[in-house]
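This report concerns only the one structure given below.
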């Protein structure tokens, strides 16, 4: 059975259509030029074949192009998309959806189905939707930031519209100390007041009704009232010694309860990262 999907949940705006048309025209021009070139045939193909052989014989790491995106499964797609675009300023790359069918079901969920079978339990009880028969569907949206892309995923009932609520209830336990937990880290500019950024972030999300967006504090608090009443100076954990000297951070929950981190990295820790990037750039085979 082939993977089924819709033509896409939303129209593409005129500006994006222009960019896509321009990219398509450039691609077609390149194809036409290579087709018309009398010297493009056997020599180029042989060279490409040798190059591919060298790449495929290299280490696994040498065959990578870095990280492509972080993924986050959400309960409310529209709310999450609003947060990552309108609040944090990401831009939409694309959206796609209504994914269902045997290939996509098996691609994502085989390991969990095997666990359910081994334990003789209903797969739904461990969060396995039925994409195979289409009872549930998968929608995705990609959001671009300067140095990373974020994929938002939502599994919904087939009879619900894209952007509606999730098929499954969210997990209650979201401590970052749980093994397999992940987080998304955003890099704040050097000239930004870190404490004020956190304060403004919470205020903006409260205005939008995103009650889950809460940052921790450096000082000890034992209630939500105390957390909110803490001084702005408690919004930033500034590390001033050791290997992390120059690193400022704060952990914060996002609108879905997901774990976020916001950081600044100034010297000397910034130089440590810069040297590591340069060393990697000089490695044989680095792009």
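Residues in segment 176-191: is at least one modelled with pLDDT under 95, over 23 Å from residue 262 (Cβ atoms) and part of a strand (DSSP E or B)? No, because not a single residue in segment 176-191 is modelled with pLDDT under 95, over 23 Å from residue 262 (Cβ atoms) and part of a strand (DSSP E or B). Could you tell me whether any residue of segment 221-234 is touching a strand residue (DSSP E or B) at 6+ places or on another chain (Cβ under 8 Å), more than 30 Å from residue 77 (Cα to Cα) and surrounded by 11 or more Cβ atoms within 10 Å (Cβ to Cβ)? Looking through segment 221-234, none of the residues is touching a strand residue (DSSP E or B) at 6+ places or on another chain (Cβ under 8 Å), more than 30 Å from residue 77 (Cα to Cα) and surrounded by 11 or more Cβ atoms within 10 Å (Cβ to Cβ).
Restricting 243, 160 to those that are more than 23 Å from the chain's Cα centre (by Cα) and more than 29 Å from residue 67 (Cα to Cα) reduces the list to 160. Here segment 129-165 is the region considered, the condition is being in contact with a helix residue (DSSP H, G or I) (Cβ under 8 Å, 6 or more places away or on another chain) and assigned to a loop (DSSP other than H, G, I, E, B), and the residue that is nearest to residue 86 (Cα to Cα) is 163.
If the condition is being at pLDDT 95 or above, in a strand (DSSP E or B) and either assigned by TED's automatic domain parsing to the domain that holds residue 201 or surrounded by 14 or more Cβ atoms within 10 Å (Cβ to Cβ) (or both), then segment 73-93 contributes 92, 93. Checked against the criterion of being without any contact (Cβ under 8 Å) to a residue 40 or more places away in the chain and not in a strand (DSSP E or B), segment 250-267 has at least one qualifying residue.
Under the condition of being over 19 Å from the mean Cα position of the chain (by Cα) and farther than 18 Å from residue 131 by Cβ, the residues counted in segment 58-113 number 6. Taking first residues from segment 133-159 that are touching a residue at least 60 places away in the same chain (Cβ under 8 Å) and on the phi > 0 side of the Ramachandran plot and partners that are surrounded by fewer than 20 Cβ atoms within 10 Å (Cβ to Cβ) and part of a strand (DSSP E or B), the Cβ contacts under 8 Å between residues at least 6 apart in sequence or on separate chains come to 134/4.
The values are calculated or read from the model by the stated rules, or taken from the named source; none is laboratory data. These numbers were taken from a predicted model, which means no experiment stands behind them. Virtual Cβ from ideal backbone geometry, glycine too; neighbours counted across all protein chains shown.
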